[in-house]
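Engineer: To start, I am sharing the structure in question, which I have written as structure tokens.
The values are calculated or read from the model by the stated rules, or taken from the named source; none is laboratory data. Values in this document were obtained by computation on a predicted structure and should not be read as measured data. Backbone-built Cβ (ideal geometry, glycine too); neighbour counts: all protein chains shown. Heavy atoms of the whole protein, side chains included, go into the accessibility calculation; ligands, DNA and RNA do not. Shrake-Rupley method; radii C 1.70, N 1.55, O 1.52, S 1.80 Å.
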Amino acid sequence: MAEVMVRAVLDRIPGYRVDLDGVHQYLGNPSMTGLGKLPVTFTPAPSLNTQRPW
């Protein structure tokens, strides 16, 4: 589910760039995995005027 949501957001921000040197894994709990830090930059663009889900 999270992958689908993240992909939908990133599809709307085509010019994003991830700072790979700044990515850090979350190591606080062995039973939880993920990223503790994911620095991203992008250039804002005009609205696509797509229908809002709310």
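Engineer: Pairs needed: first member in the range 2-26, closer than 26 Å to ARG52 by Cβ; second member anywhere, among the hydrophobic types (A, V, I, L, M, F, W, C) and exposed (fewer than 10 other Cβ atoms within 10 Å of the Cβ); C-beta distance under 7 Å; at least 6 residues apart or different chains.
Structural biologist: Listed pairs, sorted by first residue: ARG12/LEU48.
Engineer: Going through the range 6-22 one residue at a time, which ones are open to solvent by less than 70 Å² (accessible area, probe 1.4 Å) and not β-branched (Val, Ile, Thr)?
Structural biologist: ALA8, LEU10, GLY15, GLY22
Engineer: State whether the residues of the range 23-31 include one that is modelled with pLDDT under 85, in a loop (DSSP other than H, G, I, E, B) and open to solvent by less than 80 Å² (accessible area, probe 1.4 Å).
Structural biologist: Within the range 23-31 (the criterion being modelled with pLDDT under 85, in a loop (DSSP other than H, G, I, E, B) and open to solvent by less than 80 Å² (accessible area, probe 1.4 Å)), the answer is yes, since at least one residue qualifies.
Engineer: Within the range 39-54, work out how many residues are open to solvent by less than 90 Å² (accessible area, probe 1.4 Å) and assigned to a loop (DSSP other than H, G, I, E, B).
Structural biologist: The qualifying residues number 4.
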